[in-house]
1. Check which residues have an amide H placed less than 5 Å from Thr103's amide H, if you skip close sequence neighbours.
2. Between Asn77 and Val128, with labels modelled 7 Å along Cα→Cβ, what's the label distance in nm to one decimal, could you check?
3. Spelling out what I want: for every residue of segment 105-117, take phi, set θ = phi - 60°, compute 6.51 cos²θ - 1.76 cosθ + 1.60 (Karplus), and round to whole Hz; glycine and proline get x.
4. If I stretch the segment between Arg114 and Phe69 completely, what's the gain in nm (0.36 nm per residue apart, minus their alpha carbon distance), one decimal?
5. In nm, give the distance between the simple-model label positions of Gln38 and Ser100, each being 7 Å from the Cα along the Cα-to-Cβ direction.
Amino acid sequence: MKNVFKSFIGFLLALAASSAVAQNAIQVKVPFAFSAAQQALPAGDYRVTLDRAVDRITIRGEGSGAILFVTPAVDLNDRRSFLRFQRFGNDWVLTTAAFSGSTEELSTEKVEKRFLAQGNLADRKAMVEIPTQSLN
């Protein structure tokens with residue numbers, strides 16, 4: 001009986017863990033090419049997952065993907081899920097991933113330095129947010 005109880009508790013913990021992961025997965029269609037973690041990614045459909053245990057975001061598309069390590073999340077009062085992109089010249093860069101109001105900021109320091117070094121200040125930055133769908 002004790003072993004059955006332990007197995008049941010283990011099953012419940014595994015179920016809770018898989019449920020938590022599912023809440024941190026979003027689906028998005030990005031209509032333009034972009035970069036994330038110094039990797040160029042084409043326009044297309046992407047599944048974005050957040051692993052809070054190691055502060056890692058994984059982006060997977062058809063034939064492409066990237067892994068980004070992030071700082072701990074900032075919680076917003078806004079419960080939306082979205083990806084935010086910033087344009088530097090002609091290049092779009094993923095800067096923020098929000099999962100039900102928990103916002104992960106991604107580093108753009110290297111891209112900004114390269115953009116400023118090119119001296120294209122007339123072609124300043126632009127920003128766009130793309131809403132996402134939560135996956136169950």
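Quick note: the coordinates plus some simple rules give every number you see, no bench work behind them. It should be emphasised that the depicted structure is a prediction, and the values quoted were computed from it without experimental measurement. Virtual Cβ from ideal backbone geometry, glycine too; neighbours counted across all protein chains shown.
1. Amide H neighbours of Thr103: Val74, Asp75, Leu76.
2. For Asn77 paired with Val128, the spin-label model returns 2.9 nm.
3. 8, 10, 6, 10, 4, 5, 5, 4, 4, 5, 5, 5, 5
4. Numbers: separation 45, 0.36 × 45 = 16.20 nm, distance 2.09 nm.
Going from the current span to full extension adds 14.1 nm.
5. Computed distance between label sites Gln38 and Ser100 equals 3.4 nm.
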